[in-house]
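Below you'll find the structure, written out as structure tokens, and then a few comments.
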Amino acid sequence: MEWLEIFDISLFRSLIRSATPIALIGFGAAMCSAAGVLNIGLEGKMLNAAFVGVAASYYSGSAMTGFIWGVSAGVLTAILFGVLSFNLGADEVLAGLAINIFALALTRYLLETLFKRRGFFSDPSIQGIDPIEFEFLNGTPFEKILSGFTPSVYLVFLLAFLLYLVYYKTRLGTAIRATGENPEAAKDAGINTLRMKWLVVIFSGVLAGIGGTFLSLETLTLFTEGMSAGKGYIGLVASSFGNNTPLGVFGASLFFGLGDAIGIRLQGVYELDSRLILMIPYALTVVVLILIGIRQRLRVRPVPIIEE
Amino acid sequence: MDKFSFKDVLILITGVIITLGVAWIILTVTGFIPGEIAKLFYEGAVVGQRNIVNTLNIATPYILTSIATVISFRVGMFNIGINGSMYIGGLYAAWAGYKFTSLGHISHVSLALAISIFCGSLWMLLPALLKVYAGVSEIISTIILNFVAVLFVSYMANGPFRADPIAPATPRILETAELKQYFPNSQFNTGFFIAVLVAFLTYFILKKTTFGYELRSGGDGLVGSYPSRYSSYLGIPTDRSAITGMLISGGLGGLAGGIEILGNARYFYQELAFNQGFDGILIAIVGKLEPLGGLIASLFWSALKNGGLFVDYKTDVSREIVVILLSILIFFVSAQKLVSALEKLSFVRKLDSIFSRRIK
Amino acid sequence: MIKSQKEIAIELKSITKTYPGVVANDNVDFKVFKGEIHALVGENGAGKSTLVKILYGIEQPDSGEIYVEGSNVKINKVDKAIELGIGMVHQEFHLVPSFTAAENIGLGDEPKTKIGFIDWEKLNQDVSEIAKKYGLDLDPTLKMIDASVGTQQRTEILKTLYRNASILILDEPTAVLTPQETDELFEVIRSLVNEGKTVIFITHKLREVMEISDRVTVMRDGKVQGVTETKQTSPAELAKLMVGREVFLKVDKTDADPKDVVLELKNFWVHDSRGLLAIKNLNMEVKKGEIVGIAGVDGNGQTELVEALAGLRSTSKGEIIFEGKNIEKLSPRKRRRLGLSHIPEDRANTGLNLRLDIWENLIGTSYFRKPLSISGIISMKNVVKHSKNLKESYDIRTPGVFIKVQSLSGGNQQKVVIARELSENPTLTIASQPTRGVDIGNIEAIHKKLVEIRDEGKAVLLISAELDEVMSVADRVAVIYEGEIVAWVNPKEVNQEQMGLYMAGIKD
């Protein structure tokens, strides 16, 4: 049972780090889905943010500047998505897909044109975002578990809690959910459904932006082509798995993160299993979707026929 | 989907003009001379035997994936998983390529391609069943399967199908399984002709057979619209059509992957990455969800890509600019409201009806 | 003590509203007193829905004035109407399925705690209080997906009360209720009025009007036909006002000469999509050589009846016997092969695929047969010939058959459907709202066609909410009400008062 040995603190930390970008995207995707917007373009937003974050950090020498510009890039891309889908009437899924392809090409182009590199860009003058050490935890058993993560990680935990509150305990939350489930009911209640949709799109753009800079400025300080590596899509899958609720997404992200972390660990040990293990979260998502689908169908109970 | 109307042509032309304008700006701002670049571009796309042939080679998977998309959209399924089918088809074509040792050329190639079609098709079975019988969104399920496909083929190339202990790749396929390459300076192979054949076959089947009629009666628009009330009302079994459509589109995706392996790469290695499945969706949209439209759009797309490669090779301009421009074009073309805004102009309406009258 | 003049809650003066091609409201005056239950009555298309949409701010009148409690107001959006104390319960509920009753009721207006979060406890409490006050039994924590239709409706009503509506508009509220739920609803309405609310009740069911309302306004063809106190009128009078023609439009035809029975329905029951019974124990026959009409206000089961006959909906219980064979379990295609064709009421989505060409729509039921296709390959030559023939014989106005159906006018689109359906020479044609949205010229042509095939010895089952159409085209007419046939009439002999009563559910 040597494989049990891999379940240690280091795995835990790796899990959290893997889960973070997924969760960030997932929260955004969940909010969008809750409002009835199918936002596939999060991958592109993430990628743009990752690149701009690195570029800005490089040129300015400041990690904070990099972060701000990076997140702005995510938001700008989100606005592009919004304009295409809401103002110009493009199909949401199509717009999202096109944005992803666009972002991949754009970042590659800028990588070559601005930095004259292909594949990746790394430079000592890129300022990364440093991990936060909680000094008061030094020496305690909690040090290894809680301290020393980069800011976005803590943000994820905070968001899970905050979003839960917003979702279920604020007017905004109910307005968003109503917009997604029955826009007519929302409009009746005086809710501006278009504004709600814009809100969730921008919000997911911010989160995707943070996710992007997380990858390029927090985890490593470099930009790789196609850095988002499908995490944008995984986030969408996680939100489906979690039934588009904050806690569900949080749990799903941890789950995917676990798979990721185990996969990385096992790559040295059992080459075979890592990829198979990574498949498990996806298989489970499919199962969850089936269950949700079946539940929707068991709704209509016919009135019994009584002959007089 | 709408046949080509004047509106569509107008949108396309306007989109192209705008895209060209953007290209002009980008190039000038980054210090290049647009005119020169354009010339090189043109040269790279269609001038010279090597360039033309390379363009056609690049086009092969695009043709197949765009047609695969056309088919699944027209039965009402928004299928994003064709890329995954490509991986699966490619992997098993490679396997068939080295596994069967005592076959003649034609039988080996046919078998390998048949296997890639079969496997790619099987990959789409689950999403199809999930949608028809459990109402699970095919968008999400096909996205998931894309990931699973990448993981799966990576695992197989590393494990059970692995050639030698060092390189994570399958053994090279036998000569008898190769799709013949014709030119020494290009990977252009028989696969292109297969793809074009498929395009025409699809056109023929959709338009002129009862089977094709049943497939396309259902989906009547861009977004997956299964199930269609019209089809049910006519008595066409919509679930059968939807599943069949998905299987066929998966099969074509698998074929695209198979041809890439048998014709170009000749073995399956871990880093092999396919993207044509996604581009195929955009190409299919530009081609108005018609097989021939997809064919032409694919050629166009590949010409641009090849031109971009050439420009990239000869200058400092990155090839990615092509994809950027193409996405901008897609943004434009997909903006439905622009299309309907155009309708308001009376000259557009008039030209529109003349145009459609001309097409018989 | 002399009762002081009752206060007017709402007054609509000279309201006119036209849509392209139809005058929905023609100089309508409508007055409702405070604290009364006012019934607004009329057939489909009479203009009732338009009138209340104007009142509720969903639509704007072309001309006319609105007075709420004496003040002249412009209600240009729903918010304004709500502000003025007007609340509306639509026929189709606008509820969020996964929310509870309280969540739905409070949507957009939830009470907040000091920190700014929603105070769910207070909301539930408030909702319970209001519910109790008006006698609406409701569990605020019940999720709407788990709620019965009656409960859902009560939630909708509470939505208006939560926003302090003093004037409630109920649009065909009993359409979805069982008889018991209807009684409960009436209790609720009475207690609402006791608490000072005013209720406007839209219906076509005269029996209910008599039971619950204080005053009645009858509309027909966009105009007000009469306003009276319920006490001083009778169903018969109301029916006359509702239906009010002296003479039905005549269609030229000889008398029918019916022969063998082609369709028989025995103990026929059908559920609708909500699980309620749409058709209850129906028994009827259609013979060759006759046109049988089914008259009735939309929503009394006609749609489900047609769908079940065509095979688009399953038969819950009973038999459909077509030319001697039981077909309840057969697919639509098999039924077509036996000679049953169907002109659907939803032309755009069901009867046609608008994005396809005319020829593609025309061959929808025959593409798999010779000579249109041979072993799976469509013979374009024959298809074009066939399509052009149909275009000629049915006078479909279009430059060619290769044009998308979308670009045809409504009347011509319908002709495409009819051409397709009738080209099979069906023994029985079910025509459901065949002239809806069709211009006058084409209406006549379609009616003529139906009579033509009748004279050829075929059978036609005509279902229409247009009374004129049914009465002038059909040879004998069944009036359907709440899923049952309440009467068979001879169009040439029945008087319109009687028709109105039947259509409103009042049997002899």
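The values are calculated or read from the model by the stated rules, or taken from the named source; none is laboratory data. Bear in mind the structure is a predicted one, so any value in this text is a computation, not a measurement. Heads up, the Cβs are rebuilt from the backbone with ideal geometry, glycines too, and the neighbour counts pull from every protein chain shown.
General remarks:
- Neighbours by Cβ (under 6 Å, 6+ apart or cross-chain): first from the stretch C:480-503, within 20 Å of C:V306 (Cα to Cα); second of a type outside the set (A, V, I, L, M) and in a helix (DSSP H, G or I): C:V486/C:Y502; C:A487/C:Y502
- Any chance B:L197 is of a type in the set (A, V, I, L, M), part of a helix (DSSP H, G or I), buried (at least 17 other Cβ atoms within 10 Å of the Cβ) and at pLDDT 85 or above: no
- Selection count where residues are of a type outside the set (A, V, I, L, M, F, W, C), crowded, with 24+ Cβ neighbours inside 10 Å and away from chain B (no Cβ under 11 Å), scope the stretch A:216-234: 3
- Those residues of the stretch C:391-430 which are within 14 Å of chain B (Cβ to nearest Cβ) and touching a residue at least 60 places away in the same chain (Cβ under 8 Å), in sequence order: C:Q413, C:V416, C:V417, C:E421, C:S423, C:E424, C:P426, C:I430
- Selection count where residues are surrounded by fewer than 22 Cβ atoms within 10 Å (Cβ to Cβ) and on the phi > 0 side of the Ramachandran plot, scope the stretch C:401-441: 2
- Flag if C:S366 is within 11 Å of chain B (Cβ to nearest Cβ), of a type in the set (S, T, Y), under 30 Å from C:K317 (Cα atoms) and in contact (Cβ under 8 Å) with a residue 12 or more places away in the chain: no
- Looking only at residues of the stretch B:136-151 that are more than 7 Å from every other protein chain (Cβ to nearest Cβ) and outside any loop (DSSP other than H, G, I, E, B), we find that the one that is surrounded by the most Cβ atoms within 10 Å (Cβ to Cβ) is B:T142.
- For the stretch C:368-395, the tally of residues that are part of a loop (DSSP other than H, G, I, E, B) and at pLDDT 85 or above stands at 2.
- One residue from B:S154, B:S116, B:S121 being of a type in the set (G, A, S), at the interface with chain A (Cβ under 9 Å from one of its Cβ atoms), in a helix (DSSP H, G or I) and touching a residue at least 40 places away in the same chain (Cβ under 8 Å): B:S154
- For the stretch A:240-255, the candidate set comprises residues that are at pLDDT below 85 and crowded, with 24+ Cβ neighbours inside 10 Å; within that set, the residue that is farthest from A:Y282 (Cα to Cα) is A:G242.
- Pairs meeting the criteria (first residue in the stretch A:281-297 and more than 7 Å from chain B (Cβ to nearest Cβ) and more than 13 Å from B:I140 (Cα to Cα), second residue in a helix (DSSP H, G or I) and at pLDDT 75 or above, beta carbons under 6 Å, at least 6 apart or on different chains) are A:P281/A:F255; A:P281/A:F256; A:P281/A:G259.
- The listed residue being at negative phi, assigned to a helix (DSSP H, G or I), in contact (Cβ under 8 Å) with a residue 24 or more places away in the chain and buried (at least 17 other Cβ atoms within 10 Å of the Cβ), out of C:A46, C:A102, C:A9: C:A102
- The listed residue being assigned to a helix (DSSP H, G or I), facing another protein chain (nearest Cβ under 8 Å) and of a type outside the set (S, T, N, Q), out of B:F331, B:F310, B:F300: B:F331
- Considering only residues in the stretch C:266-317 that are buried (at least 19 other Cβ atoms within 10 Å of the Cβ) and at positive phi, the one that is farthest from the chain's Cα centre (by Cα) turns out to be C:G289.
- Sole residue being in contact (Cβ under 8 Å) with a residue 40 or more places away in the chain and either under 30 Å from A:I132 (Cα atoms) or at the interface with chain B (Cβ under 10 Å from one of its Cβ atoms) (or both), chosen from A:G53, A:G36, A:G82, A:G41: A:G53
- Test: C:G339 is at the interface with chain B (Cβ under 10 Å from one of its Cβ atoms), surrounded by fewer than 21 Cβ atoms within 10 Å (Cβ to Cβ) and at positive phi: no
- Of all residues in the stretch B:42-63, one or more are within 14 Å of another protein chain (Cβ to nearest Cβ) and either loosely packed, with under 14 Cβ neighbours inside 10 Å or touching a helix residue (DSSP H, G or I) at 6+ places or on another chain (Cβ under 7 Å) (or both).
- Some residue of the stretch B:205-223 being surrounded by fewer than 16 Cβ atoms within 10 Å (Cβ to Cβ), within 22 Å of the chain's Cα centre (by Cα), in contact (Cβ under 8 Å) with a residue 24 or more places away in the chain and assigned to a loop (DSSP other than H, G, I, E, B): yes
- Matching residues in the stretch B:157-193 - criterion: being charged (D, E, K, R), at pLDDT 75 or above and assigned to a loop (DSSP other than H, G, I, E, B): B:R162, B:R172, B:E178, B:K180
- Scanning the stretch C:441-479 for residues that are part of a helix (DSSP H, G or I), β-branched (V, I, T) and in contact with a Gly (Cβ under 9 Å, 6 or more places away or on another chain) yields C:I443, C:I446, C:V470, C:V473.
- Filter result (among the acidic types (D, E) and either within 19 Å of C:G351 (Cα to Cα) or in contact with a Gly (Cβ under 6 Å, 6 or more places away or on another chain) (or both)) within the stretch C:373-419: C:D395
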